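Structure record follows, encoded as structure tokens.
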Amino acid sequence: MSSMSINQPSIFSVTLGLILLLVILTVFVIFLAFAFFRKSRENRQLYEQILATNKGLEQLVDARTQELRQAGAAISESID
């Protein structure tokens, strides 16, 4: 009789199972890395949009401030 019983998994089965597990883990890690880099790129694009919007708003505030200064100066001249 053989020293290995029928219920014990063979070395081949264990090795095949470990290889399959490693392949699944590798695919999962690749998927996570892809998702991370995609989100990172999307976040960078959103950040750049926010910066552009902020710059536009700052320019608008500067223009309005200049208009108010001119209006204030005109009112002061009119009072004098």
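Coordinate-derived values only; no laboratory data. Worth saying up front: this structure is predicted, and the values here are computed from it rather than measured. Using ideal geometry, Cβ is built from the backbone for each residue, glycine included, and neighbour counts are taken over all protein chains shown.
Details
- Percent of C-alpha pairs per 10 Å bin, the chain, short to long: 14, 15, 13, 13, 11, 9, 8, 6, 5, 3, 2, 1
- Counting Lys and Arg as +1 and Asp and Glu as -1 over every other residue whose Cβ lies under 13 Å from the Cβ of residue 71, the net charge comes to 0.
- Sum of -39500 (n - 2.57) over DSSP H runs of 4+, divided by residues of the chain (222 nm, nearest 500): -33000 deg cm²/dmol
- Degrees separating the helix 11-79 axis from the principal Cα axis of the chain, which is the longest one: 0 degrees
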